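Derivation of every value follows stated rules applied to the coordinates shown; laboratory data play no part. Remember, it's a predicted structure, so these values are computed and weren't measured experimentally. Every residue, glycine among them, receives a Cβ derived from its backbone with ideal geometry; neighbour counts consider all protein chains shown.
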Amino acid sequence: MMRLQARVAQFLTLVLLVVAPVAGARAQTAATAATDSPRGQIVAFGLSDEQNVFHSEATQAAAILARRYGNGVTPLVYTNTRRASRATVTNLRAALAKAAARMDRENDVLFVFLTSHGSRDGIALKAGRRFGLLTPAQLGALLRDTGVRNKVLIVSACFSGIFTPLADPQTLVITAADATHPSFGCEATATWTFFGRAFFRDALPKTDNLRDAYALARASVLARERREGFEPSNPQMAGGQTLLPRLRAAP
């Protein structure tokens, strides 16, 4: 009996010696993964009150981005509607500053989503009788003022490809169209534009990364435009070479 007990004790000791390092390695791997995965701060603006689609798209897109990248942080959403005018340049500056203040500016990621009508000069700001344009130069200055290193800019508007020059290795820019074509889907009864539906609602849930989501959305938009007889809007993606490999959506 004594010999059996000794052998059992030796066996248990051997098991502990083997299992403990493995468990430690697993814990370390999990901790490393958590450290390497950046947190996202989401800012979304529906900049025109002409149609409810911009309010709806900004609100829904922000919720989807927050679920996948926000780690429980409430997104900052401002829209212009017939009842309230909150999507202004002043509030955009304030929202970006607020998001930047609650993040690690070197490692976390700032997501900015803008949806509205667009032109070859900028994206429209429309609230009641007030009308203006937010140009790429103005938006670039606002983003630089945040001091945030890693940024994802998504613009859903006609001619939104004019914003792709803001891209760099740490800044990913995704647009609903190129710089010379309109995008589609601004019907009075719509809740998404063509691109918004394809990218946020349909493509993002099918993949854990933005590169594949963009590819799926672009193909979907092109197919729909051909089917409905529209000239292709040619969604664009630029930059983010350093950022993309680190950016994975939460399961």
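Tabulated results
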quantity: Neighbour net charge for Q60 - beta-carbon separation under 15 angstrom, K R +1, D E -1; calculated: +2
quantity: Axial C-alpha extent at least 20 Å, average Kyte-Doolittle at least -0.5 - helices from the chain (DSSP); calculated: 2-36, 52-69
quantity: Label-to-label distance, nm, for residues given as D202 and R227 (7 Å Cα→Cβ offset); calculated: 0.6
quantity: For the range 118-240: rounded, prolate or oblate by the Cα gyration tensor [a/c cutoff 1.5]; calculated: oblate
quantity: Burial ordering of K98, K126, K151, fewest other beta-carbon atoms within 10 Å first; calculated: K98, K126, K151
quantity: Placed amide H near G118: partners under 5 Å, 5+ positions off or other chain; calculated: A124, C158
quantity: Selected from C158, A66, S116, residue furthest toward positive end of dipole (the chain; charges at beta carbon); calculated: A66
quantity: N71-A215 pseudo-label distance in nm [points 7 Å out on the Cα-to-Cβ vector]; calculated: 2.8
quantity: Exposure proxy order (Cβ contacts within 10 Å, fewest to most) of T191, T180, T171, T164; calculated: T180, T191, T164, T171
quantity: Share of pairwise Cα separations in the chain, more than 34 Å, in percent; calculated: 24
quantity: Potential lengthening between A97 and R246 on full extension [0.36 nm per residue; Cα-Cα distance subtracted]; calculated: 51.3 nm
quantity: Which of I64, I174 has the fewest Cβ neighbours within 10 Å, and the rest in rising order; calculated: I64, I174
quantity: Amide proton proximity set for V77, modelled H, under 5 Å, gap of 5+; calculated: A44
